[in-house]
């Protein structure tokens, strides 16, 4: 809580004396200095100038949990048994998985920073402090997992709808779980299964969106990336989170009732690889090459190969453009 209060005071990007900070937080100036060092360990740059105090250059756009909740329609807010915001956590997906294990019906878990953010196929999702929107939903569907093919695609669509309305240009979807701007990764989705019965599925839906990535932070990213700030869009992370969650809840309810087929045309309209030569990695050294033909009514990738049209289902597969190895 002390760190959070200190960050709120420094979020304006202005200088604040150690005395001023200590008085507001209720700690000594030495305690302030120790907390500043802790902020630097989070990856934040803090200027310290004798006689002027401390300053975070450019400020920091913190997620405000109450402001987020206040933006949710009443029926959406009531759906969540838990709404948590963490300054730092290993993985929001892990928080949601633990919530399902303890019986939470639905919950949302948000972090300013993830130290062990996960992507598909064991890849790391780099999550610099207060530089993106990182959250996971604990969610239960009234059906088996085998009926949820295409779920990661509609989650991506929910994010794309919000970005389109915010006038972010050239946002495309990439099967099965990424959003790209001009071929560079902007956002990703990771879905994990906790339980599967014939009448209920327990799932974690993880979303990561790059909001503002500094050049220093970018050094840790091993593929072409994009963020919202680059596009000239001024949208607070709290507002972006709220809009995505509202859209996502709506799309999940429709998906549960009607399946993926009703979203197929919309998803294909944004498909970055439609009619493009691609290869699908199905194992460590196994690939299938062909022409991407969009997706089926269940969300499977349609791949035109020398042997004919194939349906490629989700799981441990990875799609690459033949001329874009970084995607």
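Of the residues making up the stretch 124-180, those that are at positive phi and crowded, with 21+ Cβ neighbours inside 10 Å are 130, 150. Looking across the stretch 48-87, the residues that are touching a strand residue (DSSP E or B) at 6+ places or on another chain (Cβ under 9 Å), part of a helix (DSSP H, G or I) and either touching a residue at least 12 places away in the same chain (Cβ under 8 Å) or more than 15 Å from residue 242 (Cβ to Cβ) (or both) come down to 65, 68, 69. Listed here are the strands (runs of 3 or more DSSP E) enclosed by the stretch 242-311 that have at least 1 residues being at positive phi: 287-295. The number of residues in the stretch 88-120 being at pLDDT 95 or above, assigned to a strand (DSSP E or B) and more than 30 Å from residue 12 (Cβ to Cβ) comes to 1.
Of the strands (runs of 3 or more DSSP E) contained entirely in the stretch 139-212, those carrying at least 3 residues that are closer than 21 Å to residue 246 by Cβ fall at 184-196, 201-210.
When the criteria are applied in full, residue 278 fails the requirement of being surrounded by 14 or more Cβ atoms within 10 Å (Cβ to Cβ), more than 22 Å from residue 309 (Cβ to Cβ) and either within 25 Å of the chain's Cα centre (by Cα) or free of Cβ contacts under 8 Å to residues at least 60 places away in the same chain (or both).
The values are calculated or read from the model by the stated rules, or taken from the named source; none is laboratory data. Computed from a predicted structure; not experimentally measured. Please note: Cβ atoms are built from the backbone with ideal geometry, for glycine as well, and neighbour counts cover all protein chains shown.
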